[in-house]
Amino acid sequence: MTRQEAFSALISVRDEFEATKFAVGHVLRLSDRDPSLVGQYVTGLSRSDLQTCQRNLEATYFLRLFAVFEGTLRNYSKFGRKRLKEPPMERLMDSIGRYRHISPQHMHNAHAVRILRNDMIHEHQQELRLTFHDCKSHLATYISWLPPLW
Amino acid sequence: MTLQSDDTQHWQQQRDQWLGWLDQLVSDIAAWSEHQGWGVNRDQKTVTEPLLGTYSAPVLHIQIPGGGIQVNPIGLHMIGAEGRVDLEGWPTLNRVKLVRWQGQWQIVTDSNVPLRLPWCEQTFVQLAQDLIGMP
């Protein structure tokens, strides 16, 4: 795998997030003008379903973003460092951080994103304390410390 | 002349005009970057658009202390714009979109908020530093 492939995967999630945000917002604006619009195309789907989708969109794509980050680190650990074990993310991030001499600030930022992800998964937190774009930047900056190819 | 060849000529003219705008933009950004002492690498990418076909467009990679910026043309036919070029920071992946509207380049954030700043050297230099998260 290359570092550029990892960046491209993060960029794909970002671009899909922006496209979906636009599409859902656009349909909601259209349905403001024509409340029967949604029901014309999908039986059983209501406007409030779309509003819920819009509200949770950032969190949904944040989880996908983190999954790409985790996949990248596990791939690097397995193929770049020949590690057979799959430790929890906190230990994996620390181990790679020490090995690649990642700056303390960049480690701190990436851990803040990991903690947010854990809170969302395990504590059912709904609100993102960091924006999707902040999270993307912190995770991408961590990945920038990995070698170009492994 | 057939309708089809009229269409072909029309899209060819649009494509040439778009590439002219791109050449000017890339040339301005390269000059502004060089004024700052930043390294500039010129490259080309292949773009395919349904109406314009496949063409080659200029790309810039700019090295700034602490990161880099990629100037990446996306295409002419975009929703709500007459052309779009992305400025993407590395390693932050922060991005703004330069969209051409009514003959001007306008800056739009990823949250779709227009920045309403004039597109000029001072704006570009500040934007480039902000995109890579320089204090």
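The values are calculated or read from the model by the stated rules, or taken from the named source; none is laboratory data. These figures come from a predicted structure and were not determined experimentally. Glycine gets a Cβ as well: all are built from the backbone with ideal geometry, and neighbour counts include every protein chain shown.
Residues in segment B:110-121: is at least one over 26 Å from A:LYS136 (Cα atoms), in a strand (DSSP E or B) and at pLDDT below 95?
For segment B:110-121, residues over 26 Å from A:LYS136 (Cα atoms), in a strand (DSSP E or B) and at pLDDT below 95: absent.
Looking only at residues that are within 30 Å of A:HIS106 (Cβ to Cβ) and loosely packed, with under 14 Cβ neighbours inside 10 Å in segment B:43-65, which one is modelled with the lowest pLDDT?
Out of the qualifying residues, it is B:PRO65.
State which residue is surrounded by the most Cβ atoms within 10 Å (Cβ to Cβ) when the search covers only segment B:88-135 and only residues that are within 14 Å of another protein chain (Cβ to nearest Cβ) and touching a residue at least 60 places away in the same chain (Cβ under 8 Å).
B:LEU131
Output the residues belonging to segment A:113-150 that are free of Cβ contacts under 8 Å to residues at least 60 places away in the same chain, in contact with a Leu (Cβ under 8 Å, 6 or more places away or on another chain) and surrounded by 15 or more Cβ atoms within 10 Å (Cβ to Cβ).
If the condition is that a residue be free of Cβ contacts under 8 Å to residues at least 60 places away in the same chain, in contact with a Leu (Cβ under 8 Å, 6 or more places away or on another chain) and surrounded by 15 or more Cβ atoms within 10 Å (Cβ to Cβ), then A:VAL113, A:LEU116, A:ARG117, A:LEU130, A:SER137, A:HIS138 are the ones that fit.
Please indicate, with yes or no, whether at least one residue in segment A:74-90 is assigned to a loop (DSSP other than H, G, I, E, B) and within 14 Å of another protein chain (Cβ to nearest Cβ).
no
Is it the case that B:ARG15 is without any contact (Cβ under 8 Å) to a residue 24 or more places away in the chain and either under 17 Å from B:ARG84 (Cβ atoms) or within 16 Å of the chain's Cα centre (by Cα) (or both)?
no
Mind telling me which of the residues A:THR43, A:THR60, A:THR52 ends up being more than 14 Å from chain B (Cβ to nearest Cβ), part of a loop (DSSP other than H, G, I, E, B) and either of a type in the set (Val, Ile, Thr) or touching a residue at least 40 places away in the same chain (Cβ under 8 Å) (or both)?
A:THR43
Looking only at segment A:14-40, how many residues end up being within 11 Å of chain B (Cβ to nearest Cβ) and either in contact (Cβ under 8 Å) with a residue 60 or more places away in the chain or small (Gly, Ala, Ser) (or both)?
Number satisfying all stated conditions: 5.
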